[in-house]
Each structure stands twice: as C-alpha cells, then as structure tokens.
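Enquirer: Questions regarding the structure given below will be posed in turn.
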Amino acid sequence: MPRKARIVTISMPNADGPTIADNLARAEALVAYAGAGHPDYICLPEVFATRGVPYADVAEVAQTVPGPITDTIAAHARRLGAYIVCPLLARRGDRIYNTAVLLDRHGQVAGLYDKVHPVPGEDGVTLERGVHSGSAPHVIETDLGRVGMQICFDMNWPNEWAALKQQGAELVFWPSAFEGGLPLQSRAMDNHYTIVTSTTMLHSRIID
C-alpha cells in the first residue's frame, strides 16, 4: 500500500575537519535545519564525522555503537521524531567497519549495515586501511516500511541491490563519498525502489 514519507538528504562538501567535533557541529546544524520540514527520514553522508580528520590508522577515530557520534545524532532523532541514517567508522570487538547505523524515532539503534566492499587499492590492500568487510545487505523494518542500506563502492554489485529488493526493500539509503551518476539511477530502475543518496560532495539526490 502506498504511504507518504517525508525524506531529507544532506550534502556535506565542507566535512573537512579538522576534528570530529567540528564535523559533528556542522552535521548537527544541517540536521536541525532539515528538521523544519518534519521529516520521517534523514540521511547523513558516509563517515561524515571523520572526513578531513588526520589519523594514521582508523583505530584512532573509530567509535563504538552506541558511542559519542551516534549519541549526538540520536538526540536529534528523538527531538525530531525521525529516523536518521548515521554512518561512521564503527569499532566492534577487535574489528573496525565502515557502518551505516539507522537510528529510530526514539534515538535507538533500529539496525545497521557494514559496507561489504571497501575500496580496493594497490597490492590487494584496501584504500580504507584497517576496515573489515561486512556481510550481505539486509532490510530493516520501520513504521513506514522496509528499508535497506548500501555504502559508496557497494554500488558496483547489482546482485546485492537485487537481494534487498527480494527481501522487500522499498527504500534504500546510500551514504557515499561520491555522487554515483547514472549507474545508481539504473539500480533504482532495475529494482523499482527509491534510492536516497547522501554525499560529502555537492549533490545528494532522491532517485525514484
């Protein structure tokens, strides 16, 4: 059954540090601005809080879930009564993942997705040094329907987008460090769901 949902996506081309606190403050201002539209869903860009923050190893900036980054954004989810996609470098045990956390309307963790395909570099070493691969994508139940998440380089694996459709996804969030272009539009068309992008570049989109 068709339902109406208000969706706001955020671009952060100025997510350039120099600290996590600086990036969080920028994100908070944008989320507060987005809240004027009484959204049901808000999406933030890939690892927005650590963009432009100097570090030698991801272990220096990775955080637990819940933790300071998700706690900060969760306060806005509670205040706005909105779901918020909060991507970050997440520490779980002795491993670190590039993770998108879906916070519910009460600021609780509704679900999370770990990026399956970190960006490859030379000699088999990923450009996302220290980041482990996640498992298969999955849907998360919300009060407006089933949503899925993919992250940046995951765009290049059509079968995983199709798997979300097979699981009943109606809306897929795609936080990213680049804009995606026409291939991302084909993912929406092939699977007949809406894709919401959120980038650290100029353009973020809602693709029907």
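Enquirer: Looking only at the chain, where both bridge partners belong to it, what percent of the DSSP beta bridges are antiparallel (to the nearest 5)? Let's see the in-between values first.
Expert: Details: 20 of 38 bridges.
For the chain, the DSSP antiparallel bridge percentage is about 55.
Enquirer: Residues in segment 69-95, backbone N under 20 Å from the label point at His138 (7 Å along the Cα-to-beta-carbon vector): list them, ranges by number please.
Expert: Hits in segment 69-95 for His138 at 20 Å: 84-95.
Enquirer: Ignoring ligands, DNA and RNA, please state the percent of accessible area on segment 90-199 from carbon and sulfur, probe 1.4 Å. The partial results should precede the final answer.
Expert: Values: 2560 of 4910 Å².
Ligands and nucleic acids excluded, carbon and sulfur reach 52 percent.
Enquirer: Same structure, new question: Rounded to the nearest whole Å², what accessible area per residue is found for the chain with the 1.4 Å probe? All intermediate terms of the calculation are to be shown ahead of the outcome.
Expert: Numbers: 9610 Å² over 208 residues.
On a per-residue basis, the chain sits at 46 Å².
Enquirer: A follow-up question, please. Which loop-located trypsin sites (Lys or Arg not before Pro) does segment 1-105 contain, where loop means any DSSP state but H, G, I, E or B and the Cβ has at most 12 other Cβ atoms within 10 Å? If you can, show how the numbers build up before the last one.
Expert: Values: sites: Arg3, Lys4, Arg6, Arg26, Arg51, Arg78, Arg79, Arg91, Arg92, Arg95, Arg105; in loops: Arg3, Lys4, Arg6, Arg51, Arg105.
Passing sites in segment 1-105 are Arg3, Lys4.
Enquirer: Over the chain, with a Gaussian network built from C-alpha contacts below 10 Å, which listed residue (Ala169, Ala77, Ala136) shows the highest mean-square fluctuation?
Expert: Evaluated over the chain, the most mobile residue of the options is Ala136.
Enquirer: Sort Leu80, Leu164 by heavy-atom solvent-accessible area, probe 1.4 angstrom, most to least.
Expert: Values: Leu80 40, Leu164 0 Å².
Solvent-accessible surface, decreasing: Leu80, Leu164.
Enquirer: So what is the 222 nm mean residue ellipticity for the chain from helices alone, if each DSSP H run of at least 4 adds -39500 (n - 2.57) and you divide by all residues, rounding to the nearest 500 deg cm²/dmol? Please list the in-between numbers first.
Expert: Working: 4 runs with 48 residues, N = 208.
Here the helix-only value at 222 nm equals -7000 deg cm²/dmol.
The values are calculated or read from the model by the stated rules, or taken from the named source; none is laboratory data. Everything quoted here is computed from the prediction, not taken from an experiment. No Cβ is skipped: glycine too gets one built from the backbone with ideal geometry, and neighbour counts run over all protein chains shown. Surface accessibility is based on the protein's heavy atoms, side chains included, excluding ligands, DNA and RNA. Shrake-Rupley method; radii C 1.70, N 1.55, O 1.52, S 1.80 Å.
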